[in-house]
Structure formats: C-alpha cells, structure tokens
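Enquirer: Structure in structure tokens, see below.
The values are calculated or read from the model by the stated rules, or taken from the named source; none is laboratory data. The shown structure was predicted, so the numbers you read here are calculated from the model rather than taken from an experiment. We place every Cβ from the backbone using ideal geometry, glycine too, and count neighbours over all the protein chains shown.
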Amino acid sequence: MKEANSPIETTRQQTVKEAMRRKVLEAKRELILEEVSRIFESEGFSDVRIQEIARRLGMSVGALYKLFDSKEALYYAYIDYQIRRFYEALLAGCPAPRDPERCLLRYIRMKLETFRTKRKAIEDPVVGDPLFFLKMSGRQRDPAQPIFEYLAELFRSLGMQTPLKEENPMKVAYLFNAFTTGYIEYWLHFDGELTEPEEKILSEFLEGMRR
C-alpha cells in the first residue's frame with residue numbers, strides 16, 4: 001500500500017506545481033506580447049479589434065481575456081513589455097556609469113529611435129490623451145522605475161564631475177525624462193521628423209542644470 005505524502009512533502013509539491021504554472025503563464029504572456037507588438041506597431045491601437053488580435057494569436061477571445069481583461073489592459077501590458085526590453089538593451093549597451101554623458105547620449109538615441117519605429121502603436125493613445133505619459137508614470141507600479149534609477153545613477157556620477165543646480169539625482173532623472181519626452185510629444189502632435197541630434201538635446205538640458 002502506497003504511503004501518503006507527509007504534509008511537508010505535499011506542501012513542497014504544491015509549491016513546485018504553482019511555480020511551474022506561473023512559469024508557463026509568464027512564457028505564454030511573453031509570446032503573446034511579442035506577437036501583439038507586431039500587430040500594434042503595424043496597424044495601430046485604434047484600428048485593430050480584440051477579435052482580430054485573438055484570431056491572429058490562434059486563441060479565443062475568452063482565452064485572451066483570461067490573460068488580459070480588456071484591450072486597454074493588453075495595451076498597457078504591451079507598454080510594460082516594451083519598457084522592459086528597452087531597459088535591458090540600455091544596460092547591455094552601457095552597463096556602468098563610468099562615462100555618464102556617453103550613456104545619456106545612448107539613452108536619448110535609443111528613446112527617439114524607439115518612438116520613431118513604434119509611432120503607429122503609440123500615436124492614437126498619446127495624441128488622444130494629453131495626460132498619457134503622466135498617467136503611465138503615475139500608475140501603482142511604474143514599469144519605468146528601473147530606468148529612472150539608472151538615469152539617477154548617471155546624474156549622480158555626472159554631478160560629482162560637474163556640480164548640478166539640483167542635487168537630488170532622482171529629481172534630475174525625472175526632469176530629464178520629461179525634457180526628452182517633450183520632443184516626442186511635439187513630434188506626435190505636429191509631425192515633422194524626430195531627428196534632433198542627441199548631442200544637442202543633452203547639451204540643452206545640461207546647460208540649464210549646471211551651476
């Protein structure tokens with residue numbers, strides 16, 4: 001007769017099963033968001049229906065809603081996914097703040113390029129909602145927080161070389177993000193080319209911040 005598992009063994013098995021279930025769910029979400037990125041970036045947010053997204057994913061609308069409870073929730077998950085990928089690429093190209101200005105230039109270059117290539121996906125939500133960026137940063141869990149911490153470390157290092165008017169590096173990071181986002185918002189609303197040299201953008205910001 002097979003012996004029953006002890007309470008400790010049963011708990012351990014349940015923990016392993018739950019961990020495996022979460023891993024499978026995370027992998028599934030990643031695959032979905034990868035495909036959703038292609039859909040939003042080629043067709044935009046407003047012009048594609050949730051039924052069409054589900055069809056292209058090879059799943060039912062109900063199954064998709066079990067993972068993302070609305071089209072808007074799916075879009076915010078897409079934004080979170082893109083921010084995470086941006087941060088990973090940023091660290092890979094400039095992992096340490098030994099040369100903060102070079103890393104800041106890379107950040108600007110990557111940010112402008114990201115928005116240029118994803119305009120179709122972001123234009124309708126941003127132009128249709130003047131407070132879109134503010135709402136993103138004001139969410140309960142801001143996915144961009146690691147990026148702000150990275151920028152703060154760069155400005156902390158930069159301030160040790162040349163003192164800045166604002167001594168709080170995290171505040172400088174937020175000001176810098178708003179400054180660079182201003183170029184993007186103007187571009188989205190008034191068209192033209194998002195081609196300002198990153199050296200010019202950084203120089204303008206630092207001119208106002210240095211003592």
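Enquirer: Only one of these is closer than 30 Å to residue 162 by Cβ, at pLDDT below 95 and within 17 Å of the chain's Cα centre (by Cα): 92, 96. Name it.
Expert: Working: 96 fails: within 17 Å of the chain's Cα centre (by Cα).
Checking each option against the conditions leaves just 92.
Enquirer: Does region 87-96 contain at least one residue that is without any contact (Cβ under 8 Å) to a residue 12 or more places away in the chain, under 18 Å from residue 194 (Cα atoms) and of a type in the set (Asp, Glu)?
Expert: Checking region 87-96: not a single residue is without any contact (Cβ under 8 Å) to a residue 12 or more places away in the chain, under 18 Å from residue 194 (Cα atoms) and of a type in the set (Asp, Glu).
Enquirer: Give the residue, chosen from 63, 121, that is among the hydrophobic types (A, V, I, L, M, F, W, C), touching a helix residue (DSSP H, G or I) at 6+ places or on another chain (Cβ under 8 Å), in a helix (DSSP H, G or I) and under 26 Å from residue 176 (Cα atoms).
Expert: Result of the check over 63, 121: 121.
Enquirer: Return the only residue of 77, 73 being under 16 Å from the mean Cα position of the chain (by Cα) and surrounded by 13 or more Cβ atoms within 10 Å (Cβ to Cβ). Give the steps one after another, and end with the answer.
Expert: On the way: 73 fails: surrounded by 13 or more Cβ atoms within 10 Å (Cβ to Cβ).
Just a single option satisfies the conditions, and that option is 77.
Enquirer: For region 167-211, enumerate the residues that are at pLDDT 95 or above, surrounded by 15 or more Cβ atoms within 10 Å (Cβ to Cβ) and farther than 22 Å from residue 131 by Cα.
Expert: 169, 198, 201, 202, 205, 206
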